[in-house]
Structures are given as structure tokens and as C-alpha cells.
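**Q** Before anything else, here's the structure in question.
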Amino acid sequence: MKTINYSTLQKVLHGFSAVLIIWLMMSGFYIGLVAEAVSYKQVIGSMNVSLGLLLTPVFILRFCVSFGRGCPATVDVNNLAPWLAFFIHTLLYLTVLTVLISGVLMMDVPISIFNSVSFPAPMENSQLHELFALIHTQACAVLVLLVSVHVAAVIKHHCAGRPIIKRMFS
């Protein structure tokens with residue numbers, strides 16, 4: 001199996017994206033499923049909108065850098081594992097992009113970034129807001145599944161003596 005060497009840019013983008021995505025997933029599900037106090041929901045929701053908007057251009061750059069390098073682990077490989085890893089990573093990227101885009105398009109109020117810059121809601125059609133809210137919710141659920149598979153694969157590789165985490169963060 002070929003070893004992939006990650007560039008410093010890829011490592012930084014991965015770390016930044018991972019931290020924000022995990023925070024956004026955990027806090028988003030918390031306010032959606034657990035939190036009862038409206039004030040918590042408003043504060044966390046406002047922060048999540050800002051963090052999601054901050055993540056969007058970074059993640060688009062990550063997408064371009066990752067796919068701009070091609071698929072070195074799958075070149076001339078007859079083994080199914082690298083292709084499966086590529087497929088799962090591609091689904092992860094597409095799902096994150098779906099979550100980020102639908103998160104903006106479901107907004108029916110002006111969008112504020114850390115209470116400093118504000119934009120009007122992207123559209124005024126309540127049926128489209130509902131559609132994008134549904135897409136957002138479903139994509140978040142898929143993202144939890146994909147992130148879980150991703151983490152499980154990292155643990156599996158680590159236990160098999162292939163320390164991917166060490167390569168990604170060193």
C-alpha cells in the first residue's frame with residue numbers, strides 16, 4: 001500500500017476543519033436535541049452560523065488542495081481498500097459542502113458573522129427555507145455516520161501499525 005505524504009497546508013486545513021466540524025456537529029445536535037433554554041439555542045446557533053461561514057472558504061480551499069493532488073493511493077492499485085477510502089473521503093467532502101451550503105440557504109433571518117458583519121437572508125421563500133433546513137438536517141446525520149467511519153478507520157490503521165494520525169499531525 002502506498003504511503004501518502006500530506007503537505008503542511010493539508011495538515012493545517014485538516015486540523016482546522018476537523019476541530020470546527022466536530023464543534024459544529026456536537027453543538028448543533030445539542031441545541032437541536034437537548035437544549036431547552038432558548039437563550040442557549042440563540043447563543044450557540046449564532047456562534048455556529050459564524051463558525052460555519054468561517055469554515056466555508058477554508059473547506060473549499062481544502063477541497064481544492066486535496067483533489068488538486070489527484071488520488072495517489074489509488075493509482076495502479078487493484079486492492080479495494082484504497083478505492084473505498086477514496087470513496088468515503090469524497091462522500092465526506094461532498095457532505096460537508098452540502099451541510100455548509102444548506103446551512104446558509106436555510107437561513108430566514110439576516111446572517112450575522114460574530115455580530116460584526118451582517119448579510120440579508122439569501123432568499124425569502126419559506127418553502128425553500130424548509131427544504132434547505134431538511135437537507136441540512138439529513139446531511140448532518142449522514143456526516144455523523146461518515147465521520148464515525150472515518151475515525152474508526154483511523155483507529156483500525158493505528159492498531160494495525162500504520163499511524164495515520166502521526167503522519168497527519170507531525
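The values are calculated or read from the model by the stated rules, or taken from the named source; none is laboratory data. Given the structure is predicted, the values throughout are model-derived calculations rather than measurements. Because the Cβ atoms are built from the backbone with ideal geometry, glycine has one as well, and the counts that use them run over all protein chains shown. Surface areas here come from the heavy atoms of the whole protein model, side chains and all, with no ligands, DNA or RNA. Shrake-Rupley method; radii C 1.70, N 1.55, O 1.52, S 1.80 Å.
**Q** Which is touching a residue at least 12 places away in the same chain (Cβ under 8 Å) and either part of a loop (DSSP other than H, G, I, E, B) or under 12 Å from the mean Cα position of the chain (by Cα) (or both), of ASN78, ASN115?
**A** Selected residue: ASN115, the only one of ASN78, ASN115 that is touching a residue at least 12 places away in the same chain (Cβ under 8 Å) and either part of a loop (DSSP other than H, G, I, E, B) or under 12 Å from the mean Cα position of the chain (by Cα) (or both).
**Q** Pick from segment 138-149 the residues that are open to solvent by 60 Å² or more (accessible area, probe 1.4 Å) and in contact (Cβ under 8 Å) with a residue 24 or more places away in the chain: which of them is farthest from GLY103 (Cα to Cα)?
**A** Keep residues of segment 138-149 that are open to solvent by 60 Å² or more (accessible area, probe 1.4 Å), which gives 138, 142, 145, 148-149.
Next, only the ones that are in contact (Cβ under 8 Å) with a residue 24 or more places away in the chain stay: 142, 149.
Values: VAL142: 15, VAL149: 23 Å.
For segment 138-149, the residue satisfying everything is VAL149.
**Q** In the set ALA121, ALA133, which member is out of contact with any helix residue (DSSP H, G or I) (no Cβ under 6 Å at 6 or more places or on another chain), in contact (Cβ under 8 Å) with a residue 12 or more places away in the chain, open to solvent by less than 70 Å² (accessible area, probe 1.4 Å) and assigned to a loop (DSSP other than H, G, I, E, B)?
**A** On inspection, the qualifying residue turns out to be ALA121.
**Q** Has segment 86-100 got any residue that is modelled with pLDDT of 95 or more, within 30 Å of HIS129 (Cα to Cα), surrounded by 15 or more Cβ atoms within 10 Å (Cβ to Cβ) and touching a His at 6+ places or on another chain (Cβ under 7 Å)?
**A** Yes.
**Q** Tell me which residues, restricted to segment 150-161, are surrounded by 14 or more Cβ atoms within 10 Å (Cβ to Cβ) and either modelled with pLDDT of 95 or more or not in a helix (DSSP H, G or I) (or both).
**A** none
**Q** Sticking with this one: Answer yes or no as to whether THR74 is at pLDDT 90 or above and either out of contact with any strand residue (DSSP E or B) (no Cβ under 7 Å at 6 or more places or on another chain) or open to solvent by less than 70 Å² (accessible area, probe 1.4 Å) (or both).
**A** No; evaluated as a whole, the condition is false for this residue.
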